Amino acid sequence: MATRRTVQQLILNRIKSNGSVRCFGTVTEGVASPIASSPHLIDLEHDYSAHNYHPVPVVFSHGKGSAIWDPEGRKYLDFLAAYSAVNQGHCHPKIMKALIEQAQTLTLSSRAFYNDKFPVFAEYLTKLFGYDMVLPMNTGAEGVETAIKLARKWGYEKKRIPKEEAIIVSCCGCFHGRTMGAISMSCDNDATRGFWPLLPGQLKVDFGDEAALKKLFEEKGEHIAGFLFEPIQGEAGVIIPPDGYLKAVRELCSKHNILMIADEIQSGIARSGRMLACDWEGVRPDVVILGKALGGGVIPVSAVLADKDVMLCIQPGEHGSTFGGNPLASAVAIASLQVIQDEKLAERSAEMGEELRRLLTKTQQNFPEIVMEIRGKGLFNAVELNSKSLFPANAYDLCIKLKERGILAKPTHNATVRLTPPLSISLDEIQEGAKAFNDVLEHDLPKLVKEKPKPTSPKAQNPCDRCGRDLYG
């Protein structure tokens with residue numbers, strides 16, 4: 001009978017030989033179970049996991065580069081990349097090597113003590129992005145919460161905002177996570193309803209509206225500690241601001257002594273064709289939040305970057321994380337960033353993104369009544385569809401049909417499909433994904449429209465609880 005240690009060693013040996021690992025079922029009481037089927041695994045998750053996601057029904061069992069295999073051996077191309085957490089590709093051998101070597105040496109010290117990997121990571125990261133200091137966390141949402149606390153603390157200590165009057169401004173349509181601080185900025189009713197009361201000290205402004213931001217800063221600027229925004233809004237549907245907007249934000253924040261806080265968790269680390277999406281306009285935020293691809297798709301790593309005059313507002317005991325800056329995450333993050341640099345993935349993202357949008361534009365020309373807009377930068381792209389032309393189908397139905405054609409994508413809201421493959425994707429794979437999208441509209445959508453039952457009553461409006469507008473209708 002195989003022992004737990006034997007099973008673990010077999011898995012480690014497989015990683016060492018291939019640079020990746022395929023999951024052979026679960027390990028129960030020291031014995032490896034047989035490979036489970038996709039339907040069985042989906043049923044297990046439904047029965048034993050909270051229903052807080054609505055996944056596309058495909059089971060990941062093995063991954064390499066841009067490719068995914070399910071337990072039955074079916075191959076797919078990943079055009080989501082775990083919401084940009086897998087920019088370097090699945091199970092990149094250099095990242096896996098760093099993971100294994102560090103895992104066999106030391107994994108955790110907590111910040112109660114020093115370790116020999118975090119200081120090296122801190123120096124590497126801050127020099128790479130040009131900031132004085134970093135505060136390490138684990139998940140992107142933790143990074144956002146860190147930035148909010150940091151901005152408030154700076155507002156009270158440095159800007160002298162009266163006690164309990166600090167304001168954080170964020171944008172309509174934003175997505176910064178699912179924690180209480182993050183959803184308190186959200187315009188998504190699904191994220192906020194039933195979780196009241198939301199945190200006070202929040203004001204909203206339309207994304208990309210320079211005039212509205214200027215007006216708000218002029219009226220409330222003395223009490224505003226920070227403006228927290230995504231340079232490209234991901235969950236809203238890959239919304240790109242007008243040219244010059246980021247420069248205007250920088251100028252307004254400097255004028256009114258407000259921290260410019262860029263959430264680059266999804267748009268950063270080469271996703272948009274630049275190391276940071278803010279680099280498209282050559283602006284330097286006061287605070288940058290990183291996550292997702294910082295861990296190379298291997299381990300959660302997030303970080304908040306700022307200069308000393310901001311970062312040192314946080315003192316011992318005021319913020320932290322047991323796992324933040326752990327040696328395993330630090331080693332993986334260094335390797336993840338080195339892969340981005342060594343393989344010139346920012347440049348590759350820009351090049352492959354241009355080709356993807358060129359191919360998708362051809363599809364738009366073939367189906368102008370269905371495809372409303374193709375938008376993106378680098379390999380951060382979305383296709384916005386005409387919901388009336390899709391009816392009674394929606395973007396999720398199209399993603400199911402894409403899955404059947406071997407392409408994995410996920411909708412954002414009802415009529416937008418986000419296409420964000422690993423930055424290591426090949427030209428042939430880009431072409432394969434674009435062709436599948438065209439084929440779904442040409443061959444599958446007409447059947448869906450004809451065969452899917454139409455609802456007996458019209459779809460209910462779902463206006464934003466904050467502003468009353470139907471942002472995602």
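The values are calculated or read from the model by the stated rules, or taken from the named source; none is laboratory data. Bear in mind the structure is a predicted one, so any value in this text is a computation, not a measurement. Using ideal geometry, Cβ is built from the backbone for each residue, glycine included, and neighbour counts are taken over all protein chains shown. Remember, those area values only see protein heavy atoms, side chains included, never the ligands or the DNA or RNA. Shrake-Rupley method; radii C 1.70, N 1.55, O 1.52, S 1.80 Å.
Please specify each residue of segment 169-213 satisfying the condition of being open to solvent by 10 Å² or more (accessible area, probe 1.4 Å), under 23 Å from G155 (Cα atoms) and assigned to a helix (DSSP H, G or I).
Correct list: M180, E210, A212.
Take segment 101-118 and flag every residue that is farther than 12 Å from A335 by Cα and open to solvent by less than 40 Å² (accessible area, probe 1.4 Å).
Hits for segment 101-118 are S109, S110, N115, F118.
Give the residue, chosen from I314, I289, that is part of a loop (DSSP other than H, G, I, E, B) and either without any contact (Cβ under 8 Å) to a residue 40 or more places away in the chain or among the β-branched types (V, I, T) (or both).
Criteria check complete, one pass: I314.
Under 7 Å between Cβ atoms, which residue pairs at least 6 apart in sequence (or on different chains) link something in segment 323-343 that is on the phi > 0 side of the Ramachandran plot with a partner that is surrounded by 21 or more Cβ atoms within 10 Å (Cβ to Cβ)?
Pairs found: G325/F118; G325/P136.
Scanning segment 277-291 for residues that are open to solvent by 10 Å² or more (accessible area, probe 1.4 Å) and under 21 Å from K127 (Cβ atoms), which turns out nearest to the chain's Cα centre (by Cα)?
D279
Restricting attention to segment 417-461, which residues are charged (D, E, K, R) and not in a helix (DSSP H, G or I)?
Those that are charged (D, E, K, R) and not in a helix (DSSP H, G or I): R418, K452, K454, K459.
Do you know which residues across segment 252-269 are of a type outside the set (D, E, K, R) and surrounded by 19 or more Cβ atoms within 10 Å (Cβ to Cβ)?
L252, C253, I258, L259, M260, I261, A262, I265, Q266, S267, G268, I269
Do you know which of the residues in segment 364-389 that are in a strand (DSSP E or B) and open to solvent by 40 Å² or more (accessible area, probe 1.4 Å) is farthest from N87 (Cα to Cα)? Working first, answer last.
Here is the first cut: in segment 364-389, the residues in a strand (DSSP E or B) are 371-377, 380-385.
Still in the running and open to solvent by 40 Å² or more (accessible area, probe 1.4 Å): 372-373, 377, 384.
Numbers: M372: 27, E373: 24, K377: 14, E384: 23 Å.
So, considering only residues that are in a strand (DSSP E or B) and open to solvent by 40 Å² or more (accessible area, probe 1.4 Å), the one farthest from N87 (Cα to Cα) is M372.
How about segment 214-224: which of its residues are outside any strand (DSSP E or B) and in contact with a helix residue (DSSP H, G or I) (Cβ under 7 Å, 6 or more places away or on another chain)?
K214, F217
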